[in-house]
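The values are calculated or read from the model by the stated rules, or taken from the named source; none is laboratory data. The model shown is predicted, which means the values in this text are computed figures rather than measured ones. Quick reminder, even Gly has a Cβ in these numbers, built from the backbone with ideal geometry, and neighbours come from all protein chains shown.
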Amino acid sequence: MVRKLTQLVMLATVLVASPAFADMKIAVLNYQMALLESDAAKRYAVDAEKKFGPQLTKLKSLESSAKGIQDRLVSGGDKMAQPERERLELEFKQKARDFQFQSKELNEAKAVADREMLKQLKPKLDQAVEEVIKKGGFDLVFERGAVIDVKPQYDVTRQVIERMNQLK
């Protein structure tokens, strides 16, 4: 972090000190936002919700059921007969294991789908970035996270999103 900040300060010093850099066109791009705000990424989010929604609903139901059993055990466990309490404890443990297993499976499936989406969209995003940079004649483009503050006229993120949406 300190090294990156030092590099930025040195770069800023060079840019200010050297008249050769006075005519440079500089832009800022929020790469992640450009990807996530594209039409394709929004379609993916809707499709993923449809695809993984039933599994998520099942997980929430399982969690709710386990919580209900846990609440019964906490509130009335000492008043229950030993066999009933043991049965509920066993049922709670089974539901907790099921929840962990299904949650892990869902997370893994979602991660695979996310990686596949990124693999498909990254070339389009890279092409859109390249075209916007070339069209704008920018000499230097910073990632948005590398700058503290930027005037809106230097941010080309929206242009990249629009160009990406035009690409087939």
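Restricting the stretch 114-156 to residues that are in contact with a helix residue (DSSP H, G or I) (Cβ under 7 Å, 6 or more places away or on another chain) and of a type in the set (Asp, Glu), the residue that is modelled with the lowest pLDDT is 143. Pairs meeting the criteria (first residue in the stretch 17-31 and farther than 16 Å from residue 134 by Cα and among the polar types (S, T, N, Q), second residue at pLDDT 55 or above and in a helix (DSSP H, G or I), beta carbons under 9 Å, at least 6 apart or on different chains) are 30/144; 30/145; 30/157; 30/160. Report yes if some residue within the stretch 107-122 is β-branched (Val, Ile, Thr), in a helix (DSSP H, G or I) and within 17 Å of the chain's Cα centre (by Cα); otherwise report no. Yes, the conditions are met somewhere in the stretch 107-122. The set of residues from the stretch 119-150 being of a type in the set (A, V, I, L, M, F, W, C) and under 11 Å from residue 26 (Cα atoms) comprises 133, 138, 140, 141, 142, 150.
Does the stretch 110-132 include one or more residues that are in contact with a strand residue (DSSP E or B) (Cβ under 7 Å, 6 or more places away or on another chain) and more than 23 Å from residue 47 (Cα to Cα)?
First pass over the stretch 110-132, keeping only residues in contact with a strand residue (DSSP E or B) (Cβ under 7 Å, 6 or more places away or on another chain): 129.
Filter once more, keeping what is more than 23 Å from residue 47 (Cα to Cα): 129.
Checked the stretch 110-132: at least one residue is in contact with a strand residue (DSSP E or B) (Cβ under 7 Å, 6 or more places away or on another chain) and more than 23 Å from residue 47 (Cα to Cα).
Of all the residues in the stretch 74-126, those that are under 19 Å from residue 58 (Cβ atoms) and polar (S, T, N, Q) number 5.
Among the residues making up the stretch 56-73, those that are of a type in the set (Gly, Ala, Ser) and more than 10 Å from residue 92 (Cβ to Cβ) are 61, 64. Among the residues in the stretch 130-139, are any surrounded by fewer than 18 Cβ atoms within 10 Å (Cβ to Cβ) and more than 23 Å from residue 23 (Cβ to Cβ)? No, the stretch 130-139 has no match at all.
Looking at residue 116, is it loosely packed, with under 13 Cβ neighbours inside 10 Å, free of Cβ contacts under 8 Å to residues at least 12 places away in the same chain and more than 30 Å from residue 72 (Cα to Cα)? Can you show your working first?
Working: loosely packed, with under 13 Cβ neighbours inside 10 Å: yes; free of Cβ contacts under 8 Å to residues at least 12 places away in the same chain: yes; more than 30 Å from residue 72 (Cα to Cα): yes.
Considered against the rule, which asks whether it is loosely packed, with under 13 Cβ neighbours inside 10 Å, free of Cβ contacts under 8 Å to residues at least 12 places away in the same chain and more than 30 Å from residue 72 (Cα to Cα), residue 116 comes out as yes.
The criterion of at least 2 residues that are under 30 Å from residue 109 (Cβ atoms) and at pLDDT 85 or above is met, among helices (runs of 4 or more DSSP H) falling completely within the stretch 1-84, by 31-36, 39-76. For residue 106, the conditions (1) surrounded by 12 or more Cβ atoms within 10 Å (Cβ to Cβ); (2) hydrophobic (A, V, I, L, M, F, W, C); (3) without any contact (Cβ under 8 Å) to a residue 40 or more places away in the chain are fulfilled apart from (3).
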